[in-house]
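The values are calculated or read from the model by the stated rules, or taken from the named source; none is laboratory data. These figures come from a predicted structure and were not determined experimentally. Cβ: placed from backbone, ideal geometry, glycine included. Neighbour counts: every protein chain shown. Side chains included, ligands, DNA and RNA excluded: accessible areas come from the protein's heavy atoms. Shrake-Rupley method; radii C 1.70, N 1.55, O 1.52, S 1.80 Å.
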Amino acid sequence: MHYDAILLSPVDMRKVQGALSRIFRVPETDVDIWPSGYFGERNWDARVTCDYEEKRGDVDLYLDIYATSEVIDPPGSREFSLLLAKILSSSVIQQVDEPLHGVAKITTPSGETGYVRFDFPYEDEEIHAISGTEVPIPEFPKVGFSRFPEMIKSQKLPKIITDQYFPEEVPGDLGKLYSLSSAWEKLTVRMRIGWPPSGWYPASMYQDDLKARDEWENICYRLTEETTAGPAKAMALVDQVFMESTVNDSGDSLVRAGEISAEDIASRPWYWRRRPKDAPWAEKDH
């Protein structure tokens, strides 16, 4: 199993070796750790190997770790980063599953997790400058906090109901209905699984989802009932999930978030007056 980790604090490599020994439950002699590109006195039979490389800028050390199949019950990526950060007293940065330029996961020694944003101030992108974070970073207490909405949209979510009722090829207006139905169903999935990846969803994005639901209705008016029979069945089922996942608050949550006026809400369709049971946004967080 492969792991990558970037450390923000200077750490002696003997301490890293000891940490990997504890995490993978193998003797330190079974952890082979050397500078990246070194092929000399390696222990090729080690159950855990670690190549390391010193970095420049706001990050200190890159670790490239591999645990062989002989390691019993190796930790998952998240558990690994939590253990490594705690043992080494260093924040640990890992790449995201779907790489986005300049964004990575971070785990602090206290166990907080979130995302950080990198800038690359020079042409040499090996120099990293941390410009934003979702959680406090002990090594960089002055870095400003920010939300990363692009991480929300990068999540791959199922759209089982929509796919069941649409044909395989969906051109033209039917294709637009497919995209809008998919977006509406993904909203219900986000509600059910706790708003991945960070338990946060801005009110502005929620309003965009409601507008997409409006657009779905507008397109349906232009098509025949025969054409929209399948899409209408899909939408009815997704609407039911939406109803079960929300409460009627007369639109107050969106009004308080500053997204729309109470007068405007009153003229909108029924779904505009419903919010998630646990609204995943703070007032004025857009």
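Computed quantities for the displayed model
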| item | result |
| --- | --- |
| Yes/no for residue 12 being on the phi < 0 side of the Ramachandran plot and touching an Asp or Glu at 6+ places or on another chain (Cβ under 7 Å) | no |
| Any hit, region 197-217, residues being within 26 Å of the chain's Cα centre (by Cα) and basic (Lys, Arg) | yes |
| Test: residue in region 148-162 that is in a loop (DSSP other than H, G, I, E, B), aromatic (Phe, Trp, Tyr) and open to solvent by less than 20 Å² (accessible area, probe 1.4 Å) | yes |
| Test result for residue 201, of a type in the set (Phe, Trp, Tyr) and closer than 24 Å to residue 252 by Cβ | yes |
| Tabulated pairs, region 37-48, first closer than 20 Å to residue 26 by Cα, second open to solvent by 80 Å² or more (accessible area, probe 1.4 Å) and in a loop (DSSP other than H, G, I, E, B), C-beta under 6 angstrom, 6+ apart or interchain | 47/70 |
| Some residue of region 42-61 being over 21 Å from residue 18 (Cβ atoms), in contact with a His (Cβ under 6 Å, 6 or more places away or on another chain) and charged (D, E, K, R) | yes |
| Entirely in region 183-286, the helices (runs of 4 or more DSSP H) that have 1 or more residues that are open to solvent by 20 Å² or more (accessible area, probe 1.4 Å) and under 29 Å from residue 107 (Cβ atoms) | 203-222 |
| Among (1) modelled with pLDDT of 95 or more; (2) more than 28 Å from residue 113 (Cα to Cα), the one test that residue 190 misses | (2) |
| Residue check, residue 53 acidic (Asp, Glu), assigned to a loop (DSSP other than H, G, I, E, B) and modelled with pLDDT under 95 | no |
| Single residue of region 50-93 satisfying the filter (polar (S, T, N, Q) and buried (at least 19 other Cβ atoms within 10 Å of the Cβ)) that is farthest from residue 109 (Cα to Cα) | 81 |
| Of the criteria (1) under 22 Å from residue 82 (Cβ atoms); (2) at pLDDT 95 or above; (3) open to solvent by 40 Å² or more (accessible area, probe 1.4 Å), which one residue 26 fails | (3) |
